[in-house]
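Beneath this line is the structure, given in structure tokens, with notes to follow.
The values are calculated or read from the model by the stated rules, or taken from the named source; none is laboratory data. All of these numbers come straight from a predicted model, not from anything done at the bench. FYI the Cβ positions are ideal-geometry reconstructions off the backbone, even for glycines, and counts take in every protein chain you see. All accessible areas refer to the heavy atoms of the entire protein, side chains included, with ligands and DNA or RNA removed. Shrake-Rupley method; radii C 1.70, N 1.55, O 1.52, S 1.80 Å.
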Amino acid sequence: MAFRYLPMTEQDKADMLAKIGVETVDELFSDIPENVRYQGRLRLKEAKSEPALYKELSDLAAKNVNVKNFTSFLGAGVYDHYIPSIVDHVISRSEFYTAYTPYQPEISQGELQAIFEFQTMICELTGMDVANSSMYDGGTALAEAAMLATGQTKRRTILISEAIHPEYKEVVKTYAKGQKLQVEEVPLNNGVTDIESLKNQLTDDVACVLVQYPNFFGRIESLREIEPVVHGNHSLFIVSANPVALGILTPPGKFGADIVTGDAQPFGIPQSFGGPHCGFFAVSKKFMRKIPGRLVGQTTDENGNRGFVLTLQAREQHIRREKATSNICSNQALNALAASVTMTALGKKGIREMAIGNIQKANYAKNVFKQNGFEIVYDGPSFNEFVVKLDKPVEGLTSYLLQSGVIGGYDLGKVDPKYAGQMLVCVTEIRTKEEIDTFVEKVRAYHHG
Amino acid sequence: MVKDNFPLIFEISKPGRIGYSLPEIDVPETDIDRLLPEDYIRTEEPELPEVSELDIIRHYTALSKRNHGVDSGFYPLGSCTMKYNPKINEDVARLPGFAHIHPLQDESSVQGALELMYDLMEHLKEITGMDEVTLQPAAGAHGEWTGLMLIRAYHEANGDFHKTKVIIPDSAHGTNPASATVAGFETITVKSNEFGLVDIDDLKRVVGSDTAALMLTNPNTLGLFEENIVEMAEIVHAVGGKLYYDGANLNAIMGKARPGDMGFDVVHLNLHKTFTGPHGGGGPGSGPVGVKKELIPFLPKPVLVKKNNEFFFDYDRPQSIGRVKPFYGNFGINVRAYTYIRTMGPDGLRQVTENAVINANYMMRSLAPYYDLPYDRHCKHEFVISGRRQKKLGVRTLDIAKRLLDFGFHPPTIYFPLNVEESMMIEPTETESKETLDAFIETMIQIAKEAEENPEIVQEAPHTTVVGRLDETKAARKPILKYVRE
Ligand SMILES: Cc1ncc(COP(=O)(O)O)c(C=O)c1O
């Protein structure tokens, strides 16, 4: 059978086997011992033609409710934002997406420069000195930040705010298990990290304190108050930030964060059922040589022309092996490119305008909920998310909303039964007043119905 | 090509230009000072570029032209399986029902996505001969660490806390020992013998009751099949250790041998290699992990299950190592891999392997007269030659790599394996035609001649790229890692 990805003709094959000096292909596999050679035919679905397969997979995709056809108020770490049309056009250029890690800089200047620009923009947004070329996602980036801190301080306890994304917390705990580290949660007070508890938990074994900004419940953590407490204990201050919020919020770097991580998904990256997204990792200068993952640096060629290369590779696994700062190799480069294009399109003005759009629309939605008699749990300054209290299970509401074309907020009861009846609502800049009004109306109808 | 100082996007920025179109704020607005505490309102604007939409497109189009991908030309980067990235995969991954679904949507509203994931897992189980698969890991290295964490959890559940060592061959990829460290293990290196295979006597010497696992890729990174795999499995299993398979080299054995049948207990796959996920300039990848039965209880949660033709996530996994990633893995890459597997079917995948192995052996035999072949036997999907003959003439492997750029080829892998001097690891893949292979072979022969007759032309390469050879030492000595406005 012929396949369109396999150019070898029967004649090619005969010529090549002759050159190799074997009669049959099987001879090339004679080094596989008889008893482990696979003799059967793999029980896989049969090959399909391009049109037939496209049809089948389109039908499968159509079984899913998607945020393009439905109005979504679901966030919780993955957001429905404006994606400029140009993003997909740029990342669809196959010189970018069919390349690999730019090991050969002279033929990879495009990728290297794009990543250098990405590193610059992440530094600008976070207020940090150095950013790497990307991590898998916001969760593993945060976990790696905690690992950096424990290695640096030689302390073995990680304090993590209860208001960090629950799935990020789980990832941090899994990484910590590998290194036999302790992870302790810092409880909340009105939806933000409780400073008094934090002070009590800060022992001389605490390597770092992890908070999220804005936090999982949408609240703005008091970085200004937390920082001196953390540094007073010689622990590292690690902030997981939503990069869109940094269009309006004071960057964590300004408050003295040592490491800022997060996920650039809000910048032009489709939700894609949770991945691939794009972790980022930024540090203050003193941790430059401790940063995990790839870094692009500027240099010159023999004629003095500017050029870019992968640099400080002595940190990395392919040189340092078991002593590397991290095991990461492939990262999320193409999504970093998507985020770069989006940050470029938004620019200095657009990033602020977008952030303000989120705050204004979410604040409006919050007020409409209040006017309709709903309690906002942890009321106070927030970004694009807030928590609404219901007297009925959120689960029923979710199904009810789905029937009328709305993807409701996140059922916090799934995180912890103590949050049962609470819904985390996300309102981004792309929701309209009408959509918000209809949403609240539907929640009210369900609630009172 | 013209050499130039190509501008950064920041250098073409001009105040007043915009490249975005945001929806209007159609709700009643509140003063921002009343919505946020004063301290928390940003006072310094981030220095993002101010450019028009066409500026952006021109900038990135120009950048793309300064980049080499598989679609631009041959890319025999060993161990990375730079095969063609099918275009239907891209179309399918962009269907709104796959690209624009939220991971926390109600399970009833994403049954199509779950069905695809489940069927992909079934296919990967069959291809590898394993009993269960998780799609959570984001890339190969992430899969390695996940697999090692599973092995650790398994040993600890059996009370074997003293199993703290992972044995890794000297030819292994750097992520193997790095992942072992992150998973809390100590790495023990096992030597290769004169045939390029794991030295069984050395293995017997280093193996012991403290052995948690032996981590291998088979064929190994020299492209050679570890013929003694069954004996090695017995040696490791005899002391209660587990066998770990680095699936970076699965392209060599599809439909020919299965890690599960060779005695491997855990395997990770690189869907961005064997299964055509595009490499993206460095990622994203996807690194699913397959396991044998006794390791299933420890898999990351949640685990996707099927019941009465419905799919859902099972979070009730008391022995799970926990989550290794938020949500369920790099779904978008998994969609591409699934599309590829369904395009090829069982015969197609076996054909892929056969053609990849023929291509590699053909190139190896064609180059053998001109470069040193450290291990003279059939290779699988890739092979390693050494430039030590050329080194004596003052031409390093790095020079040969740079010279290849002048002919429009991406060079082979040259930074590992570490057990071969001046190594060049060449992986042609099955999607390349004989004509392409021949053109590359001829170029390599020409470079070998140049090394003898005119070494400067090789030593001073590249000559035709947009920049000349770049000063990496300078980059590392005084790192400039971001643009700073003057
Ligand atoms: C043999 C081998 N193992 C592991 C890896 C790591 O895979 P990844 O880059 O997806 O993390 C690679 C790829 O670079 C490899 O070639």
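Table for the structure above
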item	result
Exposure ranking of B:189, B:181 by accessible area [1.4 Å probe, largest first]	B:189, B:181
Sequence-distant residues sharing a close amide H with residue B:466 (under 5 Å, placed H)	none
Debye intensity ratio in log₁₀ form over the Cα atoms of chain A, taken at each q of 0.07 Å⁻¹	-0.44
Accessible area, probe 1.4 Å, largest first, for residues B:293, A:370	B:293, A:370
Amide H contacts under 5 Å for residue A:240, placed H, 5+ residues apart	A:211, A:212, A:213, A:261
DSSP bridge orientation in the range B:88-343 - percent antiparallel, rounded to nearest 5	45 percent
Peptides ranked, highest mean first, by Cβ atoms within 10 Å: ranges B:419-429, B:63-73	B:419-429, B:63-73
From phi via Karplus (6.51, -1.76, 1.60), per-residue ³J(HN,Hα) for the range A:322-335 in Hz, x at Gly/Pro	5, 9, 5, 6, 6, 9, 5, 10, 4, 10, 10, 3, 5, 6
Accessible area (Å², 1.4 Å probe, nearest 10) - residue B:6	40 Å²
Viscosity 0.890 mPa s, 25 °C: Kirkwood-radius Stokes-Einstein D of the range B:1-78 over Cα pairs, µm²/s	144 µm²/s
Per-bin percent of Cα-Cα distances, the range A:85-342 [10 Å]	7, 32, 35, 19, 6, 1, 0
At least 20 Å along the helix axis (C-alpha) and Kyte average at least -1.0, DSSP helices within chain B	B:111-128, B:140-157, B:331-367, B:434-453
Highest to lowest packing among B:356-363, B:442-449, scored as the average C-beta count within 10 Å	B:356-363, B:442-449
Set of lysines near residue A:414 by C-alpha distance (under 17 Å), chain-local residues within fewer than 8 positions excluded	A:169, A:389, A:392, B:301
Summed side-chain charge close to residue A:225 - residues other than residue A:225 whose Cβ falls under 12 Å, Lys, Arg +1, Asp, Glu -1	-3
Counting DSSP beta bridges with both ends in the range A:85-342, the antiparallel % (nearest 5)	45 percent
Percent carbon-and-sulfur accessible area, the range A:15-152, ignoring ligands, DNA and RNA, probe 1.4 Å	47 percent
Exercise: per-residue mean of other protein chain Cβ atoms within 10 Å, B:336-344	4
Distance from the range A:223-275 to the range B:4-32 (C-alpha centre basis), Å	22 Å
For the range A:1-147, convex hull volume per residue from C-alpha positions, Å³	293 Å³
C-alpha center-to-center spacing [the range B:118-173, the range A:24-94] in angstrom	23 Å
Amide H contacts under 5 Å for residue B:304, placed H, 5+ residues apart	B:314
Contact order relative to length of chain B, as percent, for alpha carbon pairs under 8 angstrom and 6 or more apart	19 percent
Estimated FRET transfer efficiency when R0 is 41 angstrom, pair residue B:209-residue B:418 (beta carbons, to 0.05)	0.90
Cα gyration tensor of the range B:88-343 - equivalent ellipsoid semi-axes, whole Å, descending	32, 20, 15
Pairwise Cα inverse-distance average, inverted: Kirkwood Rh of the range A:282-321 (Å)	11.5 Å
Convex hull projection area averaged over all views, the range B:353-473, Cα basis, nm²	7.7 nm²
Per-residue mean of C-beta atoms belonging to partner chains within 10 Å, peptide A:397-408	2
3J(HN,Hα) from dihedral phi, the range B:8-21, Karplus parametrisation 6.51/-1.76/1.60, rounded to Hz, x for glycine, proline	7, 4, 5, 7, 9, 5, 9, x, x, 8, 10, x, 10, 8
Note, ³J(HN,Hα) from phi for the range A:275-285, Karplus 6.51, -1.76, 1.60, rounded to Hz, x at Gly and Pro	x, x, 10, 7, x, 10, 8, 10, 9, 7, 3
Distant alpha-carbon pairs in the range A:54-140 (separation over 17 angstrom), percent	71 percent
Efficiency of FRET between residue B:158 and residue A:179 - r from beta-carbon atoms, R0 25 angstrom, step 0.05	0.75
Most fluctuating residue given options A:245, A:264, A:99, as computed from a GNM of chain A linking Cα atoms under 10 Å	A:99
Sum of -39500 (n - 2.57) over DSSP H runs of 4+, divided by residues of chain B (222 nm, nearest 500)	-11000 deg cm²/dmol
Modelled FRET efficiency - R0 45 Å, residue B:376 with residue A:43, Cβ distances, 0.05 increments	0.75
Principal axis dimensions, the protein assembly as shown - Cα atoms, whole angstrom, descending	83, 62, 60
Relative contact order (%) - the range B:173-285, alpha-carbon pairs under 8 angstrom, separation at least six	19 percent
For the range B:22-178, size of Cβ-based charge dipole, Lys and Arg +1, Asp and Glu -1, in debye	1200 debye
Antiparallel DSSP beta bridges within the protein assembly as shown, percent to nearest 5	55 percent
Residue-averaged beta-carbon neighbours from other chains (10 angstrom radius) around A:337-345	5
Relative packing of A:282-295, A:100-113, which averages over residues the other C-beta atoms within 10 Å, highest first	A:100-113, A:282-295
Cα-centre dipole for chain B with unit charges at Cβ (Lys and Arg positive, Asp and Glu negative), debye to 20	700 debye
Positive dipole terminus of the range A:85-342, leading residue within A:213, A:292, A:273 (C-beta point charges)	A:292
